[in-house]
1. Identify the residue in the range 151-175 that is among the polar types (S, T, N, Q), within 26 Å of residue 106 (Cβ to Cβ) and surrounded by 16 or more Cβ atoms within 10 Å (Cβ to Cβ) and, among all such residues, is nearest to the chain's Cα centre (by Cα).
2. Quick test for you: out of 98, 19, 32, 63, pick the one residue that is among the aliphatic types (A, V, I, L, M), touching a residue at least 12 places away in the same chain (Cβ under 8 Å) and touching a His at 6+ places or on another chain (Cβ under 9 Å).
3. Collect the residues in the range 8-32 that are part of a strand (DSSP E or B), closer than 30 Å to residue 165 by Cα and open to solvent by 20 Å² or more (accessible area, probe 1.4 Å), keeping them in residue-number order.
4. When you scan the range 184-197, do you find a residue that is outside any loop (DSSP other than H, G, I, E, B), within 30 Å of residue 90 (Cβ to Cβ) and touching a residue at least 60 places away in the same chain (Cβ under 8 Å), even just one?
5. Going through the range 35-60 one residue at a time, which ones are without any contact (Cβ under 8 Å) to a residue 12 or more places away in the chain, hydroxyl-bearing (Ser, Thr, Tyr) and assigned to a loop (DSSP other than H, G, I, E, B)?
6. Mind counting the residues in the range 150-183 that are assigned to a strand (DSSP E or B) and either under 30 Å from residue 94 (Cβ atoms) or polar (S, T, N, Q) (or both)?
7. Look through the range 177-196, keep the residues that are open to solvent by 100 Å² or more (accessible area, probe 1.4 Å) and within 42 Å of the chain's Cα centre (by Cα), and return whichever of them is modelled with the lowest pLDDT.
8. Considering 143, 64, which residue is closer than 27 Å to residue 163 by Cβ, out of contact with any strand residue (DSSP E or B) (no Cβ under 6 Å at 6 or more places or on another chain) and open to solvent by 40 Å² or more (accessible area, probe 1.4 Å)?
Amino acid sequence: NTHPANKTGCAGSSLSFNVSATGTSLTYQWQVSVNGGAFTNLSNTNPYSGVTTSNLSISGVSVNMNGYTYRVIVSGAPCGAVNSSPASLIAYPLPAVVLAASEYNRINPAVPTTLYTTVSPVGNYTYQWYKNSFLLPAVSSRNYPVDVDRLGAYTVVVTDANGCSVNSNQVTISDSASNQLFVYPNPNNGQFQVRYFSPNNI
């Protein structure tokens, strides 16, 4: 009644192909065609499950599976078997992302820093920044400046045009002890901060 539909997925994601059939004593056998080759029966081994049901599940899609074609043989007594229409899998690779601080991971009011994301391949991406595991809702740029009022552990979730997302490594920005007393900003309009960063936390 319903043939399986083409599916797209990011590397590491899970998806399923489904078929709907009516008849008596129905049995199912899912098959795969690799690189245009002959269809062969699937077994319930990783990453496949449900190969003898109406729902074929794939857990952990690999980019090597891009272009694989699937179909199911539905059999029912006493009238034999029928093949479904084939359905294709498009598997997108995940982008690679590295988060790093420019020069300094330990800062003070006179020495701020900037967090930079490097993503490959080159493309259009969206960025979600997290500080201490909490989303920074107003930050969506590729880079993020950090001063002493923004100390913490940072990560970035990068999403490509196909909707595939990947988490960056974590970078922690902490304070740096100094023997100087900081008064900033300078110049100021009468509102300023005074800070002293002591190695003994005094």
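1. Among those residues, the one meeting the criterion is 168.
2. So the residue among 98, 19, 32, 63 that is among the aliphatic types (A, V, I, L, M), touching a residue at least 12 places away in the same chain (Cβ under 8 Å) and touching a His at 6+ places or on another chain (Cβ under 9 Å) is 19.
3. Those that are part of a strand (DSSP E or B), closer than 30 Å to residue 165 by Cα and open to solvent by 20 Å² or more (accessible area, probe 1.4 Å): 8, 10, 14, 15, 16, 18.
4. No: the range 184-197 contains no residue that is outside any loop (DSSP other than H, G, I, E, B), within 30 Å of residue 90 (Cβ to Cβ) and touching a residue at least 60 places away in the same chain (Cβ under 8 Å).
5. 43, 45
6. Residues in the range 150-183 being assigned to a strand (DSSP E or B) and either under 30 Å from residue 94 (Cβ atoms) or polar (S, T, N, Q) (or both): 15 in total.
7. 196
8. Of 143, 64, the one residue that is closer than 27 Å to residue 163 by Cβ, out of contact with any strand residue (DSSP E or B) (no Cβ under 6 Å at 6 or more places or on another chain) and open to solvent by 40 Å² or more (accessible area, probe 1.4 Å) is 64.
The values are calculated or read from the model by the stated rules, or taken from the named source; none is laboratory data. Quick caveat: nothing in here was measured; it's all calculated off a predicted structure. Here the Cβ is made from the backbone with ideal geometry for all residues, glycine too, and neighbour counts use every protein chain on show. Surface accessibility is based on the protein's heavy atoms, side chains included, excluding ligands, DNA and RNA. Shrake-Rupley method; radii C 1.70, N 1.55, O 1.52, S 1.80 Å.
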